[in-house]
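To start, the structure itself, in structure tokens.
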Amino acid sequence: MLLNRMWSLTQYSYFLLAILLCTGLSVNAQATPTSHPQASPTSDDIIGFWRTIDDVTGFAAARIQISKDATGKYVGTVRELFPRPNYTPIEKCQNCPKPFTDRQVVGMPILWNLQANPDNPNLFNRGYVIDPLNGRIYAGDVKLSRDRRIITLRGKIIGAGVFNRSQTWRRDPDQQP
């Protein structure tokens, strides 16, 4: 009964094929030589400016610049703090161990020693991250999204690997590398 009122699957398929052919679209989903190929991802795609997103409020908290140091490892340095509703950014690292004790947050590296995973250009391991609000240092891993616009930072409290914290950073649209 239902088939009497609706087109059969075959009729519907032919109809879609006719529309595609009339509009000049290709049924083949593979890239053609005239299409614009996307660059292959490299581990250096993480380099640039990122906005940290507060994992409690969802507001942008800081602008971080990720760069590569002389040893080939990645470092994230705070370049700007953003005011948020009912919150004034701190100026100095709170309860931070040496060498971060009482250091100005802007200009301070908060992510360091991050290494590219040789098997996957979107994964980075063996880094460290410090939370300037409480001075805790985490062992950090980073995953770069396929579109290279979002990174997910996952930190584990050193010595207590069961306590994890994740944070999302978005590529800063105002400052592209």
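Could you please give the count of residues in region 68-89 that are surrounded by 12 or more Cβ atoms within 10 Å (Cβ to Cβ) and closer than 20 Å to residue 54 by Cβ?
10
Listed residues 102, 45; which is at pLDDT 90 or above, assigned to a helix (DSSP H, G or I) and not hydrophobic (A, V, I, L, M, F, W, C)?
45
Residue 86 passes all but one of (1) at positive phi; (2) polar (S, T, N, Q); (3) in contact with a helix residue (DSSP H, G or I) (Cβ under 9 Å, 6 or more places away or on another chain); which number fails?
Only one criterion in (1) at positive phi; (2) polar (S, T, N, Q); (3) in contact with a helix residue (DSSP H, G or I) (Cβ under 9 Å, 6 or more places away or on another chain) is unmet by residue 86, namely (3).
With the requirement that a residue be without any contact (Cβ under 8 Å) to a residue 24 or more places away in the chain and more than 17 Å from residue 138 (Cβ to Cβ), what does region 41-59 give you?
Result: 58, single match.
Against the definition (aromatic (Phe, Trp, Tyr) and either more than 18 Å from residue 167 (Cα to Cα) or modelled with pLDDT under 95 (or both)), how does residue 124 come out, yes or no?
Taking the combined requirement at face value, the residue does not satisfy it.
Return only the number of the condition from (1) in contact with a helix residue (DSSP H, G or I) (Cβ under 7 Å, 6 or more places away or on another chain); (2) within 12 Å of residue 168 (Cα to Cα) that residue 74 does not satisfy.
(2)
Go through region 48-92 residue by residue and tally those that are polar (S, T, N, Q) and at pLDDT 90 or above.
Total satisfying the criteria: 5.
In region 119-172, how many are over 15 Å from the mean Cα position of the chain (by Cα), in a loop (DSSP other than H, G, I, E, B) and exposed (fewer than 15 other Cβ atoms within 10 Å of the Cβ)?
Adding up the residues that qualify gives 10.
If you go through region 92-99 one residue at a time, do you hit one that is in contact with a strand residue (DSSP E or B) (Cβ under 9 Å, 6 or more places away or on another chain), free of Cβ contacts under 8 Å to residues at least 60 places away in the same chain, assigned to a strand (DSSP E or B) and not basic (Lys, Arg)?
The answer is no; no qualifying residue exists.
Looking at region 126-142, I want the residues that are touching a residue at least 60 places away in the same chain (Cβ under 8 Å) and have a partner that is assigned to a strand (DSSP E or B) and of a type in the set (Gly, Ala, Ser) with Cβ atoms under 8 Å, at least 6 apart or on another chain. Which pairs are those?
142/127
The values are calculated or read from the model by the stated rules, or taken from the named source; none is laboratory data. From a predicted model like this one, the values you see are computed outputs, not experimental measurements. Using ideal geometry, Cβ is built from the backbone for each residue, glycine included, and neighbour counts are taken over all protein chains shown.
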